[in-house]
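Input: a single structure, listed below in structure tokens.
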Amino acid sequence: MQRLTAQLFAGLVAAVLSVLFVQCWADGGGGPPSLTERVIWAVNAGGESHVDVHGIHFKKDPLEGKLGKASDYGMRLPILRSSPEDQVLYQTERYNEDTFGYDIPIREEGDYILVMKYAEVYFAQSQQKVFDVRLNGHVVVKDLDIFDRVGHSTAHDEIVAFSIRRGKLSVQGEVSTFNGKLTVEFVKGYYDNPKVCALYVMKGTPEDVPKLQPHPGLEKHEEEEEEEEDGEAGDDGGKKKLPPDSKPRVQSGPRTPNPYAADNSSLMFPILVAFGVFIPTLFCLCRL
């Protein structure tokens, strides 16, 4: 009887401890970390500190007064695809006349995401500002032309996944030694100066990154591209393969008008020829 009582008492204690453990797990963050907890570093380039709608705390730019130039030229423009509260992240920027970047300390191993925020607020056509982005020497974004991607005054996020394990950095199929510091560089190209509006690093996968608001123009263009690809299917039913170096471009900004659309030179040429023949003929007849 005493043994049965002891067993019942032990079972009751175990049940109570189990309930308390579950409650502590729920209240004490035993579940998956929130987005703000996974962000290990965030900066509003060229601007002041800001907390976005997702709770991410962007620090004031540490390069202020040290490297490059800050610009708030975009403050006069509304930024499409961005919430009103967070437009400031795309309206300010830091640029430099040469390659520049940020050093980000990372102490723990795991899967990470680099998110870089951009908006073209000055140039109104493509091939005006084009540059690369390097991550510890690896080119992770090639020939970034913001206007060519999304148009004018429109938010655009570049997302780069990488991992750190056993002292090695792995990104886009390339591996290098990692010494605890992630260096993000914006590389000077042939067209104007490299820049960035804001950036942050978080633990997780690309699916964990908050998405920008939909852009009707971009969505329509992407649908048209998909329909064109479907229409280019070969006789065997497979889609036509694009060259390895080619990549799809999305342009939703104002289209440059065709300067030759109203060219009437082809119509004027016969008229000029007719006048050229008629005037000498009339002169000769008058002499006769």
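The values are calculated or read from the model by the stated rules, or taken from the named source; none is laboratory data. Predicted, not measured: the structure shown is a model, and the values here were computed from it. Virtual Cβ from ideal backbone geometry, glycine too; neighbours counted across all protein chains shown. Please note that ligands, DNA and RNA were not included when accessible areas were found on the heavy atoms of the full protein model with its side chains. Shrake-Rupley method; radii C 1.70, N 1.55, O 1.52, S 1.80 Å.
Only one of the numbered conditions (1) under 23 Å from Asp192 (Cβ atoms); (2) exposed (fewer than 15 other Cβ atoms within 10 Å of the Cβ) is not met by Glu37, and that is (1). Residues that are part of a strand (DSSP E or B) and of a type in the set (A, V, I, L, M, F, W, C) were ranked within segment 130-146; the one that is most open to solvent (accessible area, probe 1.4 Å) is Val139. Residues in segment 90-115 that are part of a loop (DSSP other than H, G, I, E, B), among the charged types (D, E, K, R) and under 20 Å from Val130 (Cβ atoms): Glu97, Asp98.
Quick check on segment 61-81. Is at least one of its residues among the polar types (S, T, N, Q), within 26 Å of Gly137 (Cβ to Cβ) and either at pLDDT 95 or above or exposed (fewer than 11 other Cβ atoms within 10 Å of the Cβ) (or both)?
Our first condition is that a residue be among the polar types (S, T, N, Q); within segment 61-81, this holds for 71.
Still in the list and also within 26 Å of Gly137 (Cβ to Cβ): none.
Within segment 61-81 (the criterion being among the polar types (S, T, N, Q), within 26 Å of Gly137 (Cβ to Cβ) and either at pLDDT 95 or above or exposed (fewer than 11 other Cβ atoms within 10 Å of the Cβ) (or both)), the answer is no, since none of the residues qualifies.
Suppose we filter segment 96-117 for residues that are open to solvent by less than 60 Å² (accessible area, probe 1.4 Å) and either of a type in the set (Lys, Arg) or over 27 Å from Gln172 (Cα atoms) (or both); how many remain? The total comes to 1.
The strands (runs of 3 or more DSSP E) located wholly in segment 168-219 that include 3 or more residues which are under 15 Å from Arg134 (Cβ atoms) and not polar (S, T, N, Q) occupy 181-191.
Among the candidates Glu120, Glu93, single out the residue that is open to solvent by 10 Å² or more (accessible area, probe 1.4 Å), within 16 Å of the chain's Cα centre (by Cα) and under 13 Å from Asn193 (Cβ atoms).
Exactly one of Glu120, Glu93 is open to solvent by 10 Å² or more (accessible area, probe 1.4 Å), within 16 Å of the chain's Cα centre (by Cα) and under 13 Å from Asn193 (Cβ atoms), namely Glu93.
Please determine whether any residue of segment 147-156 is assigned to a strand (DSSP E or B), touching a His at 6+ places or on another chain (Cβ under 8 Å), open to solvent by less than 20 Å² (accessible area, probe 1.4 Å) and under 27 Å from His50 (Cβ atoms). Yes, segment 147-156 contains a residue that is assigned to a strand (DSSP E or B), touching a His at 6+ places or on another chain (Cβ under 8 Å), open to solvent by less than 20 Å² (accessible area, probe 1.4 Å) and under 27 Å from His50 (Cβ atoms).
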